[in-house]
Ligand code: ADP
Ligand code: MG
């Protein structure tokens, strides 16, 4: 298996067209899935392995079927003898039937409303079928099985040589079966690459090519469970490569930043005194600690890159404000970058209050401003008249010239684009960065993922907060929620009602109440209350007007989609009702809950839901955002949790951030050591290639 083969001449970086089987059609199907080189193809592992040891003979299936018991799912392999499509008389459903023969007997396979199968299956095909057995009119049958064609016509039966048969997903015109053959061809032709892993990581692991062979052609003695859970040494090998590449990238970015000279922001006791006069209340000790850490960075002579983490409501804005004030009061400019206009206006409002007489030094900059208004804003930013600048990504457009940008604060986003920093550099600025995360990230994961940033954590809520009374309410009991809202309104408080955003193409089985229906319900139930509705399709200006009415207390109920999810701060709002709560992630619900409980009064958070109540209960049980985030991550996986791509969280093919976080720690240590020794040209080339594959930010 490891012998050198005369054919092994292609490097991993060869284009897939170097394989005999790949012409333009397949090449474009592969490229569409991001597979362009031999390396890409080989790293795309089978989605499943069929263990021949677990394949049943049709004649013996009786033994695996317990009438009335658990529906047993079995695997059978055979040849399709007969295939027919009919329409059922009663419900007019499309019924597809196949007769499968395996030498020991025949089995009927049936599917309802899966007419597309007629395009996939042909009589004479050898197939694998996995599905549940049931007793039908004609005896034992398999209902709705998943099938894979593994042989057709006179093709040799190569799959049967081994115990494990790898299955690959179909990519457009490229069937899993043909893809499997390309993989085999690639394994024969590819040349082993140099070993890039340091010895402390590679010890006990197969080399890369052997690992790929083990995963695409598992030996008969492999452990079926380890293969399935992706924990064989071969998997660990691939995961280690991915994680080391990632860790090296993080360490390189950090090292590069520490070498840059940062603007030294001067500080003195007088300045501190002035900042204190802006504060409406005493800082919590966590806020004080975080601010101190920021001051140390700003005066250090290095470029600050700090992540400020804290639960919803922990008072991140005030810390950001102080950092900006420190810069603004000493001749610089600070910019606060936020994801939405709602949030930008909200922060502008907060800053105006905090700044008092100094409020004219603040400037809002939004994409859709009127031309004249925008021109003035840009002029104020360019002249330095504006020192506190708040805006959306419009801040980074070409037209914006800063006078003396020293600090950028990014609110409610996990990552900001490397591009934005580059854009600023081109304008001659290399400011300090403070990033505030929207969702608390479990600490160990944050260290691993954002290890290129320094971290401050606000692990304390401002005093006087009471836990938010959280309830899960069945749809039939919704009146209980409305009664609570009524009582809060009677006390002069305000309430939010959140409807899930509804995608009309979503044909989910549960009928959803959309935002219009909810508006009707609320207007009928609360005829006296002023109500505003906001959602993502509103014009920015209209949205701003309606939000402002609610912030000012002029409207009592705000009915919204998740546009209010982040950052909105109305301390007088004491109740929130979320309809169809099961449509939301746990962290998202926790964010929503964080919109209430911002003042001294007892607040209420009510989730209306008849589904997934087990999952939602986590919110009733704890108010600790870090714990909820951990649970959410476990349930949804990092990809969905972080909302992929733009967040800068890598999309690993084999590594799993949750499962492998210890391994990531080891890779981090190894990366630091390797960098201390210095990377060779070859290692750098490998690293660039890995980063391109993982779609990580470029290494500078
Ligand atoms: P988040 O961390 O979720 O962004 P905010 O910055 O919006 O939280 O703060 C939440 C609320 O707590 C705001 O109404 C803010 O005015 C208030 N707040 C912040 N810091 C303090 C403090 N030290 N004492 C009392 N209230 C505070
Ligand atoms: Mg905030």
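Every number here is computed from the coordinates shown, using simple stated rules; none is lab data. Keep in mind the model is a prediction, meaning the values are calculated, not measured. Ideal geometry is used to build each Cβ from the backbone, glycine not excepted, and the neighbour counts take in all protein chains shown.
Numerical summary
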| quantity | calculated |
| --- | --- |
| Nitroxide proxy distance, nm - points 7 Å out along Cα→Cβ at residue 383 and residue 114 | 7.1 |
| Modelled FRET efficiency - R0 56 Å, residue 285 with residue 169, Cβ distances, 0.05 increments | 0.60 |
| Virtual spin-label span in nm between residue 479 and residue 268, 7 Å along Cα→Cβ | 7.0 |
| Cα-based equivalent ellipsoid of segment 110-244: semi-axis lengths in Å, sorted from largest, via gyration tensor | 36, 18, 13 |
| Relative contact order computed over the chain (Cα-Cα under 8 Å; 6+ residues apart), in percent | 12 |
| Burial ordering of 324, 404, fewest other beta-carbon atoms within 10 Å first | 404, 324 |
| In degrees, nearest ten, helix 515-525 long axis to first principal axis of the chain (Cα) | 50 |
| FRET E, pair residue 79, residue 529, Förster distance 56 Å, beta-carbon r, rounded to 0.05 | 0.20 |
| Mean separation of Cα contacts under 8 Å, 6 or more apart, over the residue count of segment 50-167: relative contact order % | 27 |
| Folded to 0 to 90 degrees: helix 233-259 orientation relative to the chain principal axis, Cα | 20 |
| Footprinting exposure proxy for 612, 357, 293 (fewest neighbouring C-beta atoms within 10 Å first) | 357, 612, 293 |
| Distance in nm between pseudo-label sites at residue 357 and residue 299 (7 Å out along the Cβ direction from Cα) | 2.6 |
| Folded to 0 to 90 degrees: helix 371-383 orientation relative to the chain principal axis, Cα | 70 |
| Shape category assigned to segment 469-622 from the gyration tensor of Cα positions, a/c cut at 1.5 | rounded |
| Computed E for residue 689/residue 89 - FRET, C-beta separation, R0 45 angstrom, nearest 0.05 | 0.15 |
| Contour excess over end-to-end distance, with Cα ends at residue 260 and residue 210 and 0.36 nm allotted per residue | 13.8 nm |
| Spherically averaged projected area of segment 50-167 from its Cα convex hull (nm²) | 7.7 |
| Estimated 222 nm signal from helices in the chain, with DSSP H stretches of n ≥ 4 weighted -39500 (n - 2.57), rounded to 500 | -11500 deg cm²/dmol |
| Mean separation of Cα contacts under 8 Å (6+ apart) over length of segment 469-622, as relative contact order % | 35 |
| Ranking of 531, 449, 635 by count of other Cβ atoms within 10 Å, fewest first | 635, 531, 449 |
